[in-house]
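A short write-up of the structure that comes next.
A short reminder: the numbers here are calculations on the coordinates, not readings from a lab. What you see is a predicted model; the values in this text were computed from it and never measured. A quick note on method: Cβ atoms are made from the backbone with ideal geometry, for glycine too, and the neighbour counts reach across all protein chains shown.
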């Protein structure tokens, strides 16, 4: 396994773009717009049929998504800040609104519309989510510096 630091690379969502997707009631993606594909680093056909959590970043507390599912299953609109993971391991921040799509008065799927957020808000949310993950899941995000020879030894053990 090759060690990579791609998770430190942020992709900024353009100010004039919206990321749109739809998912069935099990969370599988049924539609993505080109902006979603471009920002996430996937081709549209790589996303269709996949569970929406294919883009879930490890920094996101599980409680955020539990609240999202509870809200939309009740027919209400959920909104909040989300850090997503790109195909290449990088990430991007968005403000998301998730709602139920109705057809002939009946729910047929979920729609999510996401937009960019400010650097200040992303920093605020990262701090909050780090705190929530620590409290709820007992995990802490860290950056670690390690001597090159120890890193090479660890890589050799993986092989």
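Using only helices, what value at 222 nm comes out for the chain when you add -39,500 (n - 2.57) per DSSP H run of length 4 or more and divide by the total residues, to the nearest 500 deg cm²/dmol?
Numbers: 5 runs with 53 residues, N = 159.
Estimated from H runs of four or more residues: -10000 deg cm²/dmol.
What label, among (i) 31, 18, 16; (ii) 22, 18, 16; (iii) 24, 19, 15, belongs to semi-axes √(5λ) of the Cα gyration tensor in Å computed from the structure on display?
(i)
Listing 57, 52 from the residue with the fewest other Cβ atoms within 10 Å to the one with the most, what is the order?
Least to most surrounded, the residues fall as 57, 52.
So how do 104, 16, 130, 24 line up by other beta-carbon neighbours within 10 Å, fewest first?
104, 16, 24, 130
Against the longest alpha carbon principal axis of the chain, how many degrees, from 0 to 90 and to the nearest 10, is the axis of helix 119-137 turned?
In the chain, helix 119-137 runs at an angle near 80 degrees to the longest axis.
What distance in nm lies between label points placed 7 Å from Cα along the C-beta direction at residue 118 and residue 145?
3.2
Take 114, 141 and order them by how many other Cβ atoms sit within 10 Å, fewest up front.
Least crowded to most crowded, the residues run 141, 114.
Relative contact order for the range 6-158: what is it in percent, counting Cα pairs under 8 Å that are at least 6 residues apart?
So the answer I get is 25 percent.
Just to confirm the number: angle between the C-alpha axis of helix 148-158 and the first principal axis of the chain, 0 to 90 degrees, nearest 10?
60
Which of 54, 13, 32 moves most in a GNM of the chain, Cα contacts under 10 Å?
Greatest mean-square fluctuation among the candidates belongs to 54.
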